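As structure tokens, the structure follows; a few thoughts come after it.
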């Protein structure tokens with residue numbers, strides 16, 4: 001049924017729950033998985049350019065370290081499940097855009113991801129990456145709670 005499943009991860013417990021489900025599904029279908037971690041751009045303020053340059057370097061370094069840790073965790077889980085695994089680390093795009101683009105570029109036929117439970121003002125200000133993926137994706141999206 002499915003041949004290539006995209007598993008976006010942000011390292012949260014909810015995302016790990018979705019990854020476990022995606023790996024079980026991949027194993028059942030004989031599919032491979034692609035783990036994706038997208039690092040969004042750091043928002044900067046023009047009048048603080050020098051400070052932002054210093055922070056930006058630290059941000060990129062720390063974001064890369066965390067992303068590598070999250071992707072390694074998925075690799076280990078995939079290896080334990082006996083599921084073929086690829087990884088993608090992207091910088092500079094919004095997570096939903098990276099997910100939709102990777103699903104297209106890598107010819108995925110399913111995206112399995114978590115629905116984070118942002119509430120109130122946080123949901124209004126941050127939006128829902130999962131909701132944006134559902135609206136923009138050309139492939140089915142399986143949402144885990």
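The values are calculated or read from the model by the stated rules, or taken from the named source; none is laboratory data. Small disclaimer: the values here were computed from a predicted structure and weren't measured. Don't worry about glycine lacking a Cβ; one is built from the backbone with ideal geometry, like all the others, and counts go over all protein chains shown.
Couple of notes before you dig in:
- Matching residues, region 2-24, being more than 22 Å from residue 39 (Cβ to Cβ) and exposed (fewer than 14 other Cβ atoms within 10 Å of the Cβ): 3, 24
- Matching residues, region 126-140, being loosely packed, with under 13 Cβ neighbours inside 10 Å, at pLDDT 95 or above and part of a helix (DSSP H, G or I): none
- For region 92-112, a residue qualifies if it is surrounded by 14 or more Cβ atoms within 10 Å (Cβ to Cβ), at pLDDT 95 or above and not in a helix (DSSP H, G or I), and the qualifying residues are 106, 108, 109, 110, 111, 112.
- Scan of region 1-42 for residues that are part of a strand (DSSP E or B), within 12 Å of the chain's Cα centre (by Cα) and farther than 12 Å from residue 142 by Cβ, ordered by number: 34, 35, 36, 37, 38, 39
- Given (1) closer than 22 Å to residue 143 by Cβ; (2) modelled with pLDDT of 95 or more, number of the condition residue 123 does not satisfy: (2)
- When residue 89 is tested against (1) farther than 18 Å from residue 130 by Cβ; (2) at pLDDT below 95; (3) within 13 Å of the chain's Cα centre (by Cα), exactly one condition is not met: (2).
- Region 67-96, residues that are touching a strand residue (DSSP E or B) at 6+ places or on another chain (Cβ under 9 Å) and free of Cβ contacts under 8 Å to residues at least 24 places away in the same chain: 68, 72, 79
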